[in-house]
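To keep things clear, I will list the structure first and then write my remarks on it.
The values are calculated or read from the model by the stated rules, or taken from the named source; none is laboratory data. Note that the coordinates shown come from a computational prediction; the quantities given were computed from them, not determined experimentally. Positions of Cβ are generated from backbone atoms using ideal geometry, with glycine treated the same way; all protein chains shown enter the neighbour counts.
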Amino acid sequence: MAGATAMKVCTGCKHELALDLFAKDRRHQGGYGSRCKKCESARTKTFNQAKRDANPDSRQHFKRHVRLEDFVVAPLAPDAKDHSGKEFGRLRAISYGGRENGKRGEWNCYCAPDLGGCGNYLRVATNSLTTGNTRSCGCFQKHRASREQAEPDTGHRQRPDYVSPVPERVRAIDMIGKKVGFLTVVSRAPNYVRGQSTITRWNCMCDCGTPAVKTASMLRRSGTVSCGCMKHKGVPLRSEEIRARDRAYMKARREEVRFVLEARMRARMRSALRRVRTRKTRRLSDILGYTYGELEAHLLATMPAGYTWQDFREGKLEIDHIRELWRFNYSTEDCDEFRAAWALSNLQLLTKEAHALKSARSEKERVGTQRGERRPSKVIRPLLATE
């Protein structure tokens, strides 16, 4: 009969319901699932709960059942940022929770009611907090879903062009009148809301006469140069202004002692671990127990007379192991022998010529030891920077 509503029997509740109450699924006959939305939701909740009960050590179980007294407080690295007491959306960081199974560091957080939270405790990865990917224990998603169900016309997940009704942020950098590639910023556009993040947008006019709306990050960092008309005309995706700014930044960074020191230490450590068929997986402070600042101060004390950090940048000075690496028996970065080889007391600065002389002498001794021609003496006199 014309105008009749299509019906389907749910395999869960055994009721005959309208097709609107079934989720679309191309895998089933007719293009709809075998269970109605209510039965499918109940089945999914039961399955997830059984999975959490079967694996109590999983992150999902911990996030839902954690208590304040169950938090593990770990020491923070000297060069790491302390987020204790800081607020990230609905979360307030309490203490550092360390690394779980060698993964990224995590923070013990509280979903504070005074910030709109529900009072749960959970552990969140440091990167998820600082980038804004995690802003609650999950209660915000539930609140947004219930709000969209009550008012489906106002949900920005159904409407990609949804803009924030809140007033514009005062702290946004004013870009009106600026020229970025072929784009000229004309006025401020309404903010775009994605989760709990508010993204600043600008109305732009392209040289081809087409208006475009671009976010602040597109104009300032991503290298957007047009409305899209220059994409297939051989025009570089990054404007000359942005490329010049990046080149100037990297040139200034290469002049810094810390930048050169970090690059050379990372290269030397990777090379040393590659010889034993392994790789470097953690930061220097986590492996060796000292920071690049402490390393810089120590090497400055061993610098030969008449030399400066400029000579180190130019390659006239090199980092030397007082007791050579081949004399240590290490297999991974966590070995005590590896830490001893890279300890501050075993590092010094030598001139390029002195370092080459010492390397040649050490290599000859190493080859002779492997062939059994001579054995290294128990007391080895190293070549010091003062010689």
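Please pick out the residue among Arg169, Arg135 that is at pLDDT below 55, in a loop (DSSP other than H, G, I, E, B) and either under 30 Å from Pro75 (Cα atoms) or basic (Lys, Arg) (or both). So the residue among Arg169, Arg135 that is at pLDDT below 55, in a loop (DSSP other than H, G, I, E, B) and either under 30 Å from Pro75 (Cα atoms) or basic (Lys, Arg) (or both) is Arg169.
Restricting the range 75-93 to residues that are in contact (Cβ under 8 Å) with a residue 24 or more places away in the chain and not charged (D, E, K, R), which is farthest from Asp286 (Cα to Cα)? So, considering only residues that are in contact (Cβ under 8 Å) with a residue 24 or more places away in the chain and not charged (D, E, K, R), the one farthest from Asp286 (Cα to Cα) is Gly89.
When you check Val225 against the structure, is it at pLDDT below 85, surrounded by 15 or more Cβ atoms within 10 Å (Cβ to Cβ), over 30 Å from Thr134 (Cβ atoms) and not polar (S, T, N, Q), yes or no?
Numbers: at pLDDT below 85: yes; surrounded by 15 or more Cβ atoms within 10 Å (Cβ to Cβ): yes; over 30 Å from Thr134 (Cβ atoms): yes; not polar (S, T, N, Q): yes.
When the stated conditions are applied, Val225 passes them.
Evaluate the following for Ser34: is it part of a helix (DSSP H, G or I) and at pLDDT 85 or above? Steps first, please.
Numbers: part of a helix (DSSP H, G or I): no; at pLDDT 85 or above: yes.
No: the conditions fail for Ser34.
Hey, any hits in the range 80-88 for a residue that's at pLDDT 85 or above and closer than 30 Å to Ala189 by Cα? The answer is yes; a qualifying residue exists. Examine the range 249-264 for a residue that is among the aromatic types (Phe, Trp, Tyr), free of Cβ contacts under 8 Å to residues at least 12 places away in the same chain, assigned to a helix (DSSP H, G or I) and within 30 Å of Gly98 (Cβ to Cβ), and state whether such a residue exists. Yes; the residues of the range 249-264 include at least one that is among the aromatic types (Phe, Trp, Tyr), free of Cβ contacts under 8 Å to residues at least 12 places away in the same chain, assigned to a helix (DSSP H, G or I) and within 30 Å of Gly98 (Cβ to Cβ).
When the range 63-74 is limited to residues that are in a loop (DSSP other than H, G, I, E, B) and surrounded by 12 or more Cβ atoms within 10 Å (Cβ to Cβ), the one that is modelled with the highest pLDDT turns out to be Ala74.
A Cβ distance below 6 Å, combined with a sequence gap of six or more or placement on separate chains, defines the contacts here; from the range 331-348, residues that are within 17 Å of Glu296 (Cα to Cα) reach residues that are crowded, with 16+ Cβ neighbours inside 10 Å and of a type in the set (Gly, Ala, Ser) in the pairs Gln348/Ala385.
Within the range 174-213, the set of residues being among the aromatic types (Phe, Trp, Tyr) and assigned to a strand (DSSP E or B) comprises Tyr192, Trp202. Take the range 41-62 and flag every residue that is at pLDDT 90 or above and either of a type in the set (Asp, Glu) or outside the structural domain of Lys14 (by TED's automatic domain parsing) (or both). Residues satisfying the conditions do not exist here. Of Thr281, Thr291, Thr386, all but one fail to be at pLDDT below 90, in contact with a Ser or Thr (Cβ under 7 Å, 6 or more places away or on another chain) and not acidic (Asp, Glu); the exception is Thr291. Looking across the range 173-222 at every residue that is more than 22 Å from Asp246 (Cβ to Cβ) and among the aliphatic types (A, V, I, L, M), the one that is surrounded by the fewest Cβ atoms within 10 Å (Cβ to Cβ) is identified as Ile176. Here Phe338, Phe259 are screened, and the one residue that is more than 30 Å from Glu365 (Cα to Cα) and surrounded by 13 or more Cβ atoms within 10 Å (Cβ to Cβ) is Phe259.
For the criterion of being out of contact with any Asp or Glu (no Cβ under 7 Å at 6 or more places or on another chain) and not in a helix (DSSP H, G or I), Arg92 passes.
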